[in-house]
Amino acid sequence: MPAPPSSAPTGPPRSRRRYHVSDLFTRAQRVIPGGVDSPVRAFGSVGGSPVFIDRASGPFVYSRERQYIDLVGSWGPALLGHAHPVVVDAVQRAAERGLSFGAPTEAEIELAELVIDRVDPVEKIRFVSTGTEATMTAIRLARGFTGRDIVVKFAGCYHGHEDSMLVAAGSGVATFGMSSSAGVPKGTVEDTVVLPYNDREAVTQLFASHGDRIAAIITEAAPANMGVVPPEPGFNAFLKAECEKSGALLILDEVLTGFRVSRAGFWGIDQATPYEPDLLCFGKVIGGGMPLAALGGRADVMDHLAPLGPVYQAGTLSGNPLATAAGIATLTLADDEVYAAVDRAANALSDGLSRSLTSAGVAHTIQKVGSLFSILFSDDPAGSYDDVIAQDQFRYAPFFHSLLSSGIHLPPSVFEAYFVSATHDEEIIARILDAAPEAARAAAEASSART
Ligand SMILES: *Cc1c(COP(=O)(O)O)cnc(C)c1O
């Protein structure tokens, strides 16, 4: 039941009228559909014009006109802050030695070793260019390895824009209220089963009836594309146990959480009940802002990839030397001190925003996983996509625009997480929190667009 595509990305016309539309956005819309190369960037659900970025440095992004404190962080990669001099230098030095070879390099081995050293369940790894490619390949590999077709995903989890994963997906699909995407053949999603997140009973029942046909469960290690929705304690370990019983694989999608919430991603802080996913997907931080992603995991599964095995996968720019250099520099710099700084910033920021919302009398919950958080406009914590949908979504646009006009560049959707970096120090957080009371009052005064 795909939403009519024409109605989706235009957003609420009322907001469009309320907020100024810039010349650059008008010009962009003439030549680029919606004026953007990725839908959430279009400000569809909050109205107004996206900030066209001219440059970025540390905790800041800059338009031609002004400086903003950035809480988008390129949707995750900017863990060290924008344009970290060591990362930029590594990319510049790599560029001088050639932009792309289509042949293996020593740097790919080095990056592979860095990842394997951090994340125990990764025995072998393959580099691709985007998170979408990583999950797409992991799914194909799981099907090729098991000889089964069904893949289980959870409502509200986003795994990139591969056809079979565009059902009940998070991120832009959720932002624009699309249940799915046009252009995806029915047959492609027939083998995707969508279950409610955190629902053990639904998983157990599905495996009891169809366990021998299930190739894999794919899940965000901790969902952060429907806002942040923490897994209940032991949920991922439970999924692994269900998979193991029936010969299916667990694919842990750490594209967003990997190397962001800890040295070893969410898996690294989720070992109260130990478990080992069969495959993991990485993206975002692993490329340090360059197009690089990866899938990794059990060697016996990974060796089913061509050229060793029958599962085909390839990429002209895979393991690109500039991207690999940025990844190596980023992971090398991301030490315990960096993770401590990012945790401190996220705690101070989420506590402060919550205080302002409480003072303004706005019902809300801080949904949090490590240094990732989002604001849910409801007093009841959300454990599933249905819970997330039920919040007072209409409070977000005025909250967002109040902060934006105070010079805070934050995610233009209530369904996205906030991203801080190691350069978001006390002074930066204080500047954001100075602007928070006014934004909280704007959220309090908002009224539902439907009434
Ligand atoms: C961003 C994201 C993807 C897709 O990665 P792209 O590089 O945008 O293709 C997949 N899974 C998760 C969990 C993500 O957050």
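Each peptide in 347-354, 390-397 gets a packing score, the mean of other Cβ atoms within 10 Å over its residues, and the list from highest to lowest is 390-397, 347-354. Considering only the Cα atoms of the stretch 259-327, their convex hull presents on average a projected area of 5.4 nm². Taking a ≥ b ≥ c as the square roots of the eigenvalues of the Cα gyration tensor, the stretch 359-414 is classed as prolate, since a/c reaches at least 1.5 and a/b is larger than b/c. With the charge dipole of the chain set up from +1 on Lys and Arg Cβ and -1 on Asp and Glu Cβ about the Cα centre, the Cα lying farthest toward the positive end among the listed residues 273, 444, 301 is that of 444.
In terms of overall dimensions, the stretch 67-136 has a Cα radius of gyration and Dmax of 14.9, 43 angstrom.
Two numbers describe the Cα atoms of the stretch 41-179: Rg and Dmax, which are 19.1, 56 Å. When 124, 284, 240 are sorted by how many other C-beta atoms sit within 10 angstrom of their C-beta, beginning with the fewest, the order is 124, 240, 284.
Put simply, when 230-238, 147-155 are sorted by average Cβ atoms within 10 angstrom per residue, most first, you get 147-155, 230-238. Tell me, what does the Kirkwood hydrodynamic radius of the stretch 334-433 come to in angstroms if you use every pair of distinct C-alpha atoms? Radius from the Kirkwood sum: 14.1 Å. Using the alpha-carbon positions of the stretch 88-242, Rg (one decimal) and Dmax (whole number) come out as 18.1, 57 Å.
Computed about the Cα centre, the dipole magnitude for the stretch 82-133 is approximately 160 debye when only Lys and Arg (+1) and Asp and Glu (-1) carry charge, each at its Cβ. Any of 153/284; 245/284; 124/368; 186/245; 186/240; 245/368 with alpha carbons more than 23 Å apart? Name them for me. Those over the limit are 245/284; 124/368; 186/245; 186/240; 245/368.
If you take the charge dipole of the chain about its Cα centre, with +1 on Lys and Arg Cβ and -1 on Asp and Glu Cβ, which of 132, 32, 319 is farthest toward its positive end? Working it through, the farthest residue towards the positive pole turns out to be 32. Among residues other than residue 71 with Cβ under 13 Å from its Cβ, the summed charge is -1 (Lys and Arg +1, Asp and Glu -1).
Overall, the anisotropy analysis places the stretch 225-350 in the oblate class: the square-rooted eigenvalues a ≥ b ≥ c of its C-alpha gyration tensor yield a/c not less than 1.5, with a/b not exceeding b/c. As a test of the formula, what do you get for the chain when each DSSP H run with n ≥ 4 contributes -39,500 (n - 2.57) and the sum is divided by the residue count, at 222 nm and rounded to the nearest 500 deg cm²/dmol? Estimated from H runs of four or more residues: -11000 deg cm²/dmol. The ellipsoid equivalent to the alpha-carbon distribution of the chain has semi-axes of 33, 27, 22 angstrom, derived from the gyration tensor eigenvalues as √(5λ) and listed largest first.
Tell me, how many Å apart are the Cα centres for the stretch 118-139 and for the stretch 194-244? Cα centroid to Cα centroid, the span is 19 Å. Of all complete DSSP H helices in the chain, those with a Cα span along the helix axis of 20 Å or greater and a mean Kyte-Doolittle hydropathy of -1.0 or more are 131-146, 336-359, 426-445. Spin-label model, residue 188/residue 23: points 7 Å from Cα along the beta carbon direction are separated by 4.0 nm.
FYI, it's all coordinate maths here, none of it is from the lab. None of these values were measured; they are calculated from a predicted model. FYI the Cβ positions are ideal-geometry reconstructions off the backbone, even for glycines, and counts take in every protein chain you see.
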